[in-house]
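Working notes, structure below.
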Amino acid sequence: MAHLQRFHVGPRLSEMAIHNGTIYLAGQVPDDTTQDIRGQTAQVLAMVDRLLVEAGSDKSRILMTQIFLADIGDITAMNEVWDAWIPAGNTPPRATVQAAMANAAYKIEIVVTAAVA
């Protein structure tokens, strides 16, 4: 049986799980919801970076990303931050959709699946 690791386990969810060399992140949301879409995106991507490093990986190993925006009109500004963050030549498959957020102050939520390095 393959080894399963869970990280930052809470009563409702774990922030991350690793199974068979694949890292699964929970949806990452900003801590500071007073920021605009650029600020919230940068916060969330920094969270993704920290979790991937903790798992022994990095953003160049992302297999798939799902991005949820409260307002799809924010996609251009969000993409500016994303494009500066993601390593050239390592852009993963990605879906970006508008969605109702669990907290109305969230402008973005990002879910990532990555490979262990």
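The values are calculated or read from the model by the stated rules, or taken from the named source; none is laboratory data. Here the structure is a predicted model, which is why all the values come from computation and not from measurement. Virtual Cβ from ideal backbone geometry, glycine too; neighbours counted across all protein chains shown. The accessibility values were calculated without ligands, DNA or RNA, using every heavy atom of the protein model including side chains. Shrake-Rupley method; radii C 1.70, N 1.55, O 1.52, S 1.80 Å.
Solvent-accessible area per residue in the stretch 23-117 equals 48 Å², computed with a 1.4 angstrom probe and all protein chains kept. For 32, 83, the ranking by accessible surface with the largest value first comes to 83, 32, using a 1.4 Å probe.
Ranking 102, 85, 52 by how far each Cα lies toward the positive end of the dipole of the stretch 35-117 (charges on Cβ) leaves 52 at the top.
Going by accessible surface with a 1.4 Å probe and the largest first, 6, 12, 61 read 12, 6, 61.
How large is the charge dipole for the chain, taken about the Cα centre, if only the Cβ atoms of Lys, Arg (+1) and Asp, Glu (-1) carry charge, to the nearest 20 debye?
380 debye
Taking Cα atoms only, the orientation of helix 75-85 departs from the longest principal axis of the chain by about 40 degrees. Of all accessible surface on the chain at a 1.4 Å probe, what whole percent is carbon and sulfur? The nonpolar share, carbon plus sulfur, comes to 52 percent. Taking all protein chains as shown and a probe of 1.4 angstrom, residue 24 keeps an accessible surface of around 100 Å². Students often get this wrong, so try it: which of (i) 14.5; (ii) 17.8; (iii) 15.5 is Kirkwood radius over Cα pairs in Å as calculated from the structure shown? Correct label, based on the coordinates given: (i). Once each part is reduced to its C-alpha centroid, what is the distance from the stretch 1-45 to the stretch 63-117 in angstrom? The stretch 1-45 and the stretch 63-117 have Cα centres separated by 13 Å.
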